[in-house]
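To start, the structure under review is shown below, and the notes come after it.
Nothing in this text is a laboratory measurement; each read-out follows from the coordinates by a stated rule. A quick note: this is a predicted structure, and the numbers were derived from the prediction, not measured. Because the Cβ atoms are built from the backbone with ideal geometry, glycine has one as well, and the counts that use them run over all protein chains shown.
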Amino acid sequence: MTDATNLERCYRRLLAWYPRAFRREHEEEMLAVLMASARDGRRRPGLADSADLIRNAIWMRLRPQRPPPTVCWALRLMVLGAVLELVSLATVLATQGGLRSAIVRHFPHFTMAQWHAEVHAHILPVEVGAPIAATLCLWLAWANGRGHGWARGLFLGFFGLTSLSLLAAFGQHAATYAPSDLIVGCGLWLVGLVTVLLILNPRSEQHYSRRRPDRRTRENRTAVGGLGHEHVWRSDGGSASWN
Amino acid sequence: MQEATFLILTALAAGSQHGYGIITDVTGISDGRVRLRAGTLYTALDRLREDGLIEVDHEEVVDSRLRRYYRLMPAGAERLSEEAARLQANADVAMSRLDVSGGLAT
């Protein structure tokens, strides 16, 4: 094994201390700088270089994430969504008696069996689903805060389900029998809608793309290793082109 | 603003540069006093990019190694200019007081 190969392997081992997203973005160019800075014949990284890499890698792992304001607001609204899920559960539990009275007022022949069927079909799913949805909201807030693209997609799906359940509530005349439940549901839907608009905002894009290797990095990584081959990517006012 | 950040922005004020170019330029600007290491440089570059002060200009592969060139953005130029003005003002005050006292600290 040549000195350069051995040195490069040692540097790669040190670079492994950095977070994966940072490595994906900078590993190859850092390696190029480290190899260019190394003296000829060196087989192992110097102590100062190693200490600098490890110190900064630890800092990169510990430093707080700073998402853009749009994402910050979206995360706050996800937490608010979790709180509203629990409020909706409390409202359903508190208005359960009133709901039965309201139904009986409209349908005097409403039997106990029908009421049990109603509880199993509509109330029980809310009682079980609301704590799960609240936990999901908090988990998605955490994952979106870390910049995971799948978490954004998952929240969109979650918002779709919330919209469908609200439409179903309107379809079942919830406005007549359970207006307070419906008001909380509408509040929850509005919070979800604003959250969706915020995470889909172009200003949130950079936060999510940090974890995604972009096209030019992928293609340049492919080009690295092809001896004598020179590839240039140039940024011109936001558009990318290969020369 | 930390000195390393100030020097990196100063290096990029002359035009786009790649990582190794910034290191050698910073050494030159500081007369050999500041020697940036790769870990410190890329942590700073990552933060500056996040803050919208610099951006990637272009990339190339030379001798099978990736070179990414960074350039100063208008916000970065403005921050650098503000910081330079602040340092200049402090230096002016220090120099004028040294002139008054005949350059002697007692």
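In segment B:3-94, if the dipole is taken from +1 on Lys/Arg beta carbons and -1 on Asp/Glu beta carbons about the Cα centre, which of B:Gly15, B:Tyr42, B:Val56 is farthest to the positive end? Checking the options against the dipole of segment B:3-94, the answer is B:Tyr42.
Counting other Cβ atoms within 10 Å as a rough exposure proxy, the listed residues A:Val184, B:Val34, A:Val71, A:Val128 run A:Val128, B:Val34, A:Val184, A:Val71 from fewest neighbours to most.
Legend: mean number of C-beta atoms from other chains within 10 angstrom of residue C-beta atoms, peptide A:9-20, equals 1. The magnitude of the dipole of segment A:69-206, with charges of +1 and -1 set on the Cβ of Lys/Arg and Asp/Glu and taken from the Cα centre, is near 220 debye. For A:Val126, neighbours were defined as the other residues whose beta-carbon sits under 13 Å from its Cβ, and their charges (Lys and Arg +1, Asp and Glu -1) total -4. Computed from the Cβ-Cβ distance with R0 of 56 Å, the FRET efficiency linking B:Ala84 to A:Leu154 stands at 0.75.
Under 5 Å between amide hydrogens, built in the peptide plane, is the criterion, and for B:Tyr70 it picks out B:Gln17, B:His18, B:Asp57 among residues at least 5 positions away or on other chains. Basic side chains Lys and Arg get +1 at the Cβ, acidic Asp and Glu get -1 at the Cβ, and with that the dipole of segment A:3-63 about its Cα centre reaches some 320 debye. Spatial offset of segment B:24-70 relative to segment A:38-97 amounts to 25 Å, using the alpha carbon center of each. Packing order of peptides A:37-49, A:139-151, highest average first: A:139-151, A:37-49 (average count of other Cβ atoms within 10 Å over each peptide's residues). Placing +1 on the Cβ of every Lys and Arg and -1 on the Cβ of every Asp and Glu, with nothing else charged, gives segment A:1-153 a dipole about its Cα centre of roughly 380 debye. Net charge of the neighbourhood of A:Leu47, taken over other residues with C-beta under 13 Å away and scored Lys/Arg +1, Asp/Glu -1, is +2. Residues whose amide H falls under 5 Å from that of B:Ile54, counting only those 5 or more places apart or on a different chain, are B:Arg49, B:Met73, with hydrogens built in the peptide plane. Derived scalar couplings between HN and Hα for segment A:37-46 equal 7, 6, 6, 4, x, 6, 9, 10, x, x Hz in order, rounded to whole Hz, by the Karplus curve 6.51 cos²θ - 1.76 cosθ + 1.60 (θ = phi - 60°), x for Gly and Pro.
Net charge in the neighbourhood of A:Leu84 (other residues with Cβ under 14 Å of its Cβ; Lys, Arg +1, Asp, Glu -1) is -1.
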